[in-house]
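The values are calculated or read from the model by the stated rules, or taken from the named source; none is laboratory data. For clarity, every value in this text was computed on a predicted model and none was experimentally measured. As a convention, Cβ positions derive from the backbone with ideal geometry for all residues, glycine included, and neighbour counts pool all protein chains shown.
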Amino acid sequence: MKPRLIVHGGAWSIPEKFEQDHIKGVHQAVAAVYPDLASGMSALDTVEAAVKILEDDPTFDAGRGAFLNAFGEIELDAMIMDGVTLNFGALAAVQNILHPITLARMIMEKTEHCMLVGAGAQHFAEQIGVKAVDPRELLTARELEFYNQIKNDPEFKTKNPFESFPKGTVGAVARDIHGNIAAATSTGGTPRKLPGRVGDSPIIGAGAYADNRVGGCSATGWGESIMKVLLSKTACDFLTTHSAMRAAELSVAELETRVQGLGGLILVDRNGSYGFAHNTSKMAFAFVDEDGNVAAKIRVAS
Ligand code: ASP
């Protein structure tokens, strides 16, 4: 089967001055990982590898470059899901891990559990030898400046970034040559979120979902709205009766009309068709086309 890979770098009002960094970032993640996928790497390994590249990139709100919470600290959420077994691993509110997506995978594969949070997740990381980093290594000058701008602003709401401020969770969905599907999402959450706040990204069916029988999805946007409609599972459910593109559009329409939500998503269906949609002004994403070429773009909402 033809392998497929699509990644996103967030759905928000990406200012023009950051557009090139976003396009470069998502392009690089696909271009670096696709050759291995084409030579037989599993969908699970592929989405993990692609998200790791995006977590490394300070452009995006995941791993390095994450937003700061109300205490000026980083708290990361992530999940990965295997469409073969419906197994998933997730973590929330982790402060000292550069690659939360790898830790999420370890939680899936090496514990009896699906999700670990905060100190417990960090303790598990230590036990299995996932390297802790000083949270200052994840901090960028851009985010510190942004935090200082908003920290005492009584008008600021965590929903604002999806309307007008910088944002950029990352995600990936892949189908490998065996037809297996996997999805992954990683984020620093929303700026000035309350410490302990968990968004949609690590919630199964909200931030990501994958089921070989239909397809896989990774979502991004205002988490408090995405969770309410389980955006990724909703999109996968639409795949049973609609094309990938239509399923993406219908689920974003549901997000908008049912809960006045803001966000976007990327999809691959079991036949290898891509779907993407967003109701934020822009979304950054990249995928491998029919001929094996990487297409990277910032899509502007019509
Ligand atoms: N959905 C993420 C959250 O609310 C943020 C994002 O996708 O940009 O935590």
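Residue by residue, here is whether (1) crowded, with 23+ Cβ neighbours inside 10 Å; (2) of a type in the set (Asp, Glu) holds:
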{"site": "47", "(1), (2)": "yes, no"}
{"site": "55", "(1), (2)": "yes, yes"}
{"site": "58", "(1), (2)": "no, no"}
{"site": "66", "(1), (2)": "yes, no"}
{"site": "85", "(1), (2)": "no, no"}
{"site": "107", "(1), (2)": "yes, no"}
{"site": "111", "(1), (2)": "no, no"}
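If you go through segment 22-64 and keep only what is within 16 Å of the ligand (Cβ to nearest atom) and among the acidic types (Asp, Glu), you end up with 55, 57, 61.
Residue count for segment 252-271 satisfying the condition of being touching a residue at least 40 places away in the same chain (Cβ under 8 Å), among the small types (Gly, Ala, Ser) and surrounded by fewer than 24 Cβ atoms within 10 Å (Cβ to Cβ): 0. Could you run through segment 272-290 and say how many residues are under 14 Å from residue 6 (Cα atoms) and either surrounded by fewer than 19 Cβ atoms within 10 Å (Cβ to Cβ) or under 15 Å from the mean Cα position of the chain (by Cα) (or both)? Looking only at that region, the number is 11.
I want to confirm something. Restricting to segment 191-211 and keeping residues that are charged (D, E, K, R) and near the ligand (Cβ under 10 Å from one of its atoms), which single residue is nearest to residue 169 (Cα to Cα)? Here the residue is 200. Looking across segment 226-240 at every residue that is of a type in the set (Val, Ile, Thr) and farther than 14 Å from residue 202 by Cβ, the one that is farthest from the ligand (Cβ to nearest atom) is identified as 240. A residue that is modelled with pLDDT of 95 or more, over 20 Å from residue 210 (Cβ atoms) and not aromatic (Phe, Trp, Tyr) occurs nowhere in segment 58-69. Being hydrophobic (A, V, I, L, M, F, W, C), surrounded by fewer than 24 Cβ atoms within 10 Å (Cβ to Cβ) and farther than 21 Å from residue 179 by Cβ: is that true of residue 78 here? So residue 78 does not fit the description; no. Scanning segment 157-171 for any residue that is within 16 Å of the ligand (Cβ to nearest atom), within 20 Å of residue 268 (Cβ to Cβ) and touching a helix residue (DSSP H, G or I) at 6+ places or on another chain (Cβ under 8 Å) turns up at least one such residue. The residue that is surrounded by the most Cβ atoms within 10 Å (Cβ to Cβ), among those in segment 125-141 that are modelled with pLDDT of 95 or more and in contact with a helix residue (DSSP H, G or I) (Cβ under 7 Å, 6 or more places away or on another chain), is 125. Criterion first (more than 16 Å from the ligand (Cβ to nearest atom), under 27 Å from residue 90 (Cα atoms) and modelled with pLDDT of 85 or more) does residue 174 satisfy it? Spelling it out, residue 174 is indeed more than 16 Å from the ligand (Cβ to nearest atom), under 27 Å from residue 90 (Cα atoms) and modelled with pLDDT of 85 or more.
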